[in-house]
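Shown next, in structure tokens, is the structure this report addresses.
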DNA sequence: CATGAATGAGAATTCATTCAT
DNA sequence: AATGAATGAATTCTCATTCAT
């Protein structure tokens, strides 16, 4: 089609992006094993064979989707975080980051949530996950040593906070509650109460 | 033709039970679509065709597993609840019920957690889910009108509490935290802080 | 059930008869390969295993059905034929025999009609078929040498006459024509016109 | 992407044709239920999965075969029929049409003959059958009102004539008679005698 | 590069037959 | 003798992947 690439930056292949987007959509809705590759292809508007020009296998595609989602989630959580926040403020920043990411990209959030234990995840995917958890763990340790967070294993507090957020997201995702600024404020406050000293 | 029934209650077919157990194990580990029926059969120690003597289809089997797990979870939460508990005590009862169920039957808990949105769930399965959520919602309404629980949509509080528990469970399930009486007490206390008035 | 057989004649096993009847019914309606053996069993009101006490295999059962039908058809055509009939009268006798048999036992007639070329028919079945065709061929030869039948290969005339009857039967079987004494008389007359000298 | 279309008409997929031909062959020999799809595939020289690119199911394939055969039979009977034929001539034309079709495509004729009552035939197949019977019925009515055909329900006469032809065909098909111009002439003459006034 | 027809291994399901009771 | 639960081979159909165009 395009005879030569005149752009200055390596254009990240619109087709590749379309495939990733289609895969995210379908994997998050119908699960990995429940989604045929040709289905992904037609949703992406490409030929079935084209997928294999960009990804070595279906599993490879799923790993790429996973890593992409984790990367974006990490960006939503840590990019642009203002300096010198108090633990309380940092907590709010975190919660709002989750809120924004899961609101603007619900499929990505659901995909991450449902595929953490997928058997096909490779080392790079596990690393991408760690790169999201790391800054959160850092925060927990800092907050705790600053005496702002309850005395308890930080992993415990973290898993409960994140779990609470996931519970909130799923309730919203299935229409049981409405996401509004009030709900955001209220949930954030409640979550903080759970962990504060 | 069994010559005489030696039990008091009609014995619920050991083979059917084995199939349900094997299906729970595999579905919770490898997902529904990712588990071939013959795998379930061999894990259950029966022939592949035998599964279809007890369940009309793979989906039917999954629904049976789901309903069985929900039934047991409900029993763990509501059976034997002492009368005249305070909201605080009732909350603890609930949390301990979740703890006990998810500790003693981690696969059942994981299966429920990961298959709530499965497309193959039928009306009976959705009902079985409602029968678990109902008593919990009842509690939330009572606690709130008794002024013991924070002013907020009960659905919101509930989803966060249950989410927090799921987060805890998953952290334990993947070995990130150790389940001990201290963790139980601490987590229960933290969860209550999240919702109390 | 019945503690002892007090009858004088070897009672031809009611179960065997029920199985043969059920098999005839189903094979004639849904074809041999399209009929599961357990379906035959339940239609016959016996256990699936019971069939194998009377017949070595599904194919064996089909052969038994076939031979039984041929035997009955032969009886309908040749038993009690009055002596010293003219060719014209003998032809009428034949036609009426077909009429009676196919009216009273339409399934048997249809089964024979549709399973003549079945691959599972064994030698005995082929013999049973010959024992039906033989007396008809005999008639044809006699009628022809008596100058009553058209000069043509007897096989040709016979196949057309029988074919005409089958066509008539199928039209009645599918409700396209009504079987009445008039239709019997008319069709017999027409068929005779086809072959008479 | 075929670079250029060398034929005048869109070539009707050689593979689809091969599948139809193989299915006709096997269904007519071993029955529908008695023929595994992979047999059809290997007879057609294609992979098993390929069949499902062209036909939605085995039943769909059988319907396509049926409709194709009916279409061809209809063409053999009604295309190019000269104008202003007498009933006698028209009858001969019909008989010769049957003769030609069944001689040149014996499997198609046998398939139609044996699958008329198949449970899987859909509306289109039933329509295709009607489109063959219609012109024949038309002829019968015309011939009868012209006083050339015996007074009797036209359905009756028709079913007997076609039945006679089928009888003839089957006798030839199983080698009991030889198809020769003499047999054609003789049988046509005999069949006419059956129905003429 | 892109395609989508083709494939065959593998999935769900059925069924002829066996066998413990 | 009779049963029907159990089985696994066979059947229909799907789908990840390839490859000729």
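No value in this document is a laboratory result; all are computed from the given coordinates. Small disclaimer: the values here were computed from a predicted structure and weren't measured. For neighbour counting, all protein chains shown are included, and Cβ atoms are generated from backbone atoms with ideal geometry for every residue, glycine included.
Using alpha carbon coordinates only, what is the Rg to Rh ratio of the range C:1-111, with Rh defined as the Kirkwood radius?
Values: Rg = 17.2 Å, Rh = 15.8 Å.
Rg/Rh: 1.09.
Relative to the dominant Cα principal axis of chain C, helix C:58-78 is inclined by about 40°. From zero outward in steps of 5 Å, how is the percent of C-alpha pairs of the range B:45-197 spread across the bins? Per 5 Å bin, starting at 0, the Cα pair percentages come out as 2, 8, 17, 19, 19, 15, 10, 5, 3, 2, 1, 0.
May I ask you to give the average projected area over all directions of the convex hull of the Cα atoms of the protein assembly as shown, in nm² rounded to one decimal? Each step should come with its number before you reach the end.
Values: hull surface 206.8 nm².
The number I arrive at for the protein assembly as shown is 51.7 nm².
Only counting other Cβ atoms within 10 Å, I'd like C:114, C:174 sorted with the fewest neighbours first.
C:174, C:114
Note on the protein assembly as shown: helix-only mean residue ellipticity at 222 nm, from DSSP H runs of 4+ residues weighted -39500 (n - 2.57) and normalised by residue number, equals -23000 deg cm²/dmol.
Summary of packing: across the peptides B:75-82, C:129-136, the per-residue average of other C-beta atoms within 10 Å ranks them, highest first, as C:129-136, B:75-82. For the range A:1-111, the relative contact order works out to 27 percent when only alpha carbon pairs closer than 8 Å and six or more residues apart are counted. Size check on the range A:11-55: the Cα extents along the three principal axes, sorted descending, read 30, 17, 16 Å. Across all Cα pairs in the range B:84-126, the calculated P(r) in 10 Å bins from zero up to the longest distance comes to 25, 33, 31, 11, 0 percent per bin.
Between residue D:39 and residue D:122, what length comes free when the chain is fully extended (0.36 nm per residue of separation minus the Cα-Cα distance, one decimal in nm)? Write out the running numbers ahead of the final one.
Working: separation 83, 0.36 × 83 = 29.88 nm, distance 2.33 nm.
The residue D:39-residue D:122 span can extend by a further 27.5 nm.
When Cβ neighbours within 10 Å are restricted to other protein chains, what is their mean count per residue of peptide D:164-174? Present the calculation step by step, with values, prior to reporting the outcome.
Working: counts 12, 5, 8, 12, 6, 2, 7, 8, 3, 1, 3.
Per residue, the number of nearby Cβ atoms from other chains is 6 on average.
One way to sum up the overall shape of the range C:84-171 is the equivalent ellipsoid from its Cα gyration tensor, whose semi-axes run 24, 16, 12 Å, largest first.
Just tell me how shielded B:34-42 is by partners: mean number of partner chain Cβ atoms within 10 Å of each residue's Cβ, no decimals. Working shown, then result.
On the way: counts 7, 1, 0, 0, 0, 0, 0, 0, 0.
Counting Cβ atoms of other protein chains within 10 Å of each residue's Cβ and averaging gives 1.
Measure nothing but the geometry: give the 0 to 90° angle between the long axis through the Cα atoms of C:154-173 and the longest principal axis through the Cα atoms of chain C, rounded to 10°. So the inclination is approximately 60 degrees.
Is the shape of the range D:52-116 best called rounded, prolate or oblate, per the rule: a/c under 1.5 gives rounded, else a/b larger than b/c gives prolate, else oblate, with a ≥ b ≥ c the square roots of the Cα gyration tensor eigenvalues? Here the range D:52-116 falls in the prolate category.
With its label point put 7 Å out from Cα toward Cβ, residue B:145 sits 5.0, 8.3, 10.6 nm from the same residue's point in the other copies, in order from shortest.
Normalising by the residue count of chain A, find the relative contact order in percent from Cα pairs under 8 Å and 6+ residues apart.
Working: 139 pairs, mean separation 40.0, N = 197.
Normalised by residue count, the contact order of chain A is 20 percent.
Counting, for every residue in D:181-193, the Cβ atoms of other protein chains within 10 Å of its Cβ and taking the mean gives 4.
Which log10 I(q)/I(0) values does the range B:120-159 give at q = 0.23, 0.24, 0.33 Å⁻¹ under the Debye formula, counting every alpha carbon as one identical point scatterer? After summing over all Cα pairs, the log10 values are -0.71, -0.74, -1.05. Against chain B, whose longest principal axis is taken from its Cα atoms, helix B:106-115 shows a tilt of about 90°. Sorted fewest first by neighbouring Cβ atoms within 10 angstrom, D:195, A:65 come out as D:195, A:65. Based on the Kirkwood approach, the hydrodynamic radius assigned to the range A:121-197 is 13.9 Å, with every pair of different Cα atoms included.
What percent do you get for the relative contact order of the range C:12-55 when only Cα pairs under 8 Å and 6+ apart count? It would help to have the intermediate numbers written out before the result.
Working: 30 pairs, mean separation 18.2, N = 44.
Relative contact order comes out at 41 percent.
From the alpha carbon centroid of the range A:22-84 to that of the range C:80-145 is 72 Å.
Of C:125, B:119, how do they rank once you tally other Cβ atoms within 10 Å and put the fewest first?
Ordered by Cβ neighbours within 10 Å, fewest first: B:119, C:125.
Each other copy holds its own label point for residue C:104; taking that point as 7 Å from Cα along Cα to Cβ, the gaps run 4.7, 7.1, 8.8 nm, nearest first.
When the Gaussian network model of chain B links Cα atoms closer than 10 Å, the mean-square fluctuations of B:14, B:172, B:185 top out at B:14.
Where chain A is carried onto chain C by rotation, the Cβ closest to that axis, with its residue and distance in Å, is A:36, 16.
Between copies, the label points of residue D:80, set 7 Å from Cα on the Cα→Cβ line, lie 5.4, 8.0, 9.0 nm apart, reported in increasing order to one decimal in nanometres.
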